[in-house]
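Data block below; observations after.
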Amino acid sequence: MPPPSGLTPSPDAGPEARPAPVPAALRSIVLVGLMGAGKTTVGRRLAQRLGLPFVDADAEIERAAGETIPEIFERRGEAAFRDGERRVIARLLEEGPQVLATGGGAFMDETTRAHIAARGISVWLKADLDVLMKRVGRRSNRPLLKQDDPRRVMERLMAARYPIYAQADLTVESVEGPHDSVVDDVVARIEAYRNKAKEATG
């Protein structure tokens, strides 16, 4: 019987099982960025536009664990959450083209970045501090912001994570205003990326 976490990997879904690259046209679109960047909202609209299923990695982690993310952090700590996150994302990327919204810390993991590089087109939704704080203030399920001063925590996260997010295939500014304008930008960037990849392969 599996342990209560529900996050134990299957034999072929571990982080060591790095997949071979797939053609750009068959890759998932993987949204990365800090909490509040709009990954879920933009992701749902993007999936509709592209005719792909939308998957929220955090929701899949909660389903696998049988716990909410705040409960995982509280009961077992961030390290246990990150381990489960790594394995769940690896499994999701094996399931074919989709729009996948990842948690803010997912792309920081080297193994996860390798899986995304092989199976996905990574899109960094980049937002400034004021936009992020305005958006995260609408929700209370942000474990990393329940400590210290939330704005100061967000500033530290930006300093640590933005250089890594910058390794994504594409960067799109996530600004205040209609999310559809951000979706338009993402679609245009993806199309250009795929065209360039197609030309490169002849």
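Given H placed 1.01 Å from N in the peptide plane, which residues other than close sequence neighbours of W124 have an amide H under 5 Å from its amide H?
Correct list: V32, L170, T171, V172.
Using the beta-carbon distance between Q48 and K134 and R0 = 25 Å, what value does 1/(1 + (r/R0)^6) give for FRET efficiency, to the nearest 0.05?
The pair Q48/K134 has a calculated efficiency of 0.50.
Kindly write out, for segment 66-76 in residue order, the coupling ³J(HN,Hα) from the Karplus curve 6.51 cos²θ - 1.76 cosθ + 1.60 (θ = phi - 60°), rounded to whole Hz, with x marking Gly and Pro.
x, 9, 7, 4, x, 5, 4, 4, 5, 8, 10
Mind listing the phi-derived Karplus ³J(HN,Hα) values for segment 165-172, rounded to whole Hz, using 6.51, -1.76 and 1.60 with θ = phi - 60°, and x for any glycine or proline?
4, 5, 7, 4, 4, 9, 10, 10
Under 5 Å between amide hydrogens, which residues at least 5 positions from I29 or on another chain qualify, with H placed 1.01 Å from N in the peptide plane?
Answer set, sorted by chain and number: Q98, V99, L100, I121.
I'd like the Karplus ³J(HN,Hα) series for segment 92-103: coefficients 6.51, -1.76, 1.60, θ = phi - 60°, whole numbers in Hz, and an x wherever there's a Gly or Pro.
For segment 92-103, the Karplus-derived couplings read 4, 5, 7, 8, x, x, 6, 9, 10, 8, 9, x Hz, x marking Gly and Pro.
Given the peptides 188-201, 45-58, 101-114, arrange them by the average over their residues of other C-beta atoms within 10 Å, most packed first.
Averaged packing, sorted descending, gives the order 101-114, 45-58, 188-201.
Using 0.36 nm per residue of separation minus the Cα-Cα distance, give me the extension gain between E94 and A118 in nm, one decimal.
7.6 nm
For K126, what is the net charge nearby, where nearby means another residue's Cβ is under 14 Å from its Cβ and Lys, Arg count +1, Asp, Glu -1?
Computed value for this residue: -2.
What distance in nm lies between label points placed 7 Å from Cα along the C-beta direction at A197 and T111?
Between A197 and T111, the simple spin-label model gives 2.4 nm.
Where a number appears in this text, it was derived from the coordinates with a stated rule and is not lab data. Note that the structure is a prediction, hence the values are computed from the model and not measured. Neighbour counts are summed over all protein chains in view; Cβ atoms, including those assigned to glycine, are modelled from backbone coordinates with ideal geometry.
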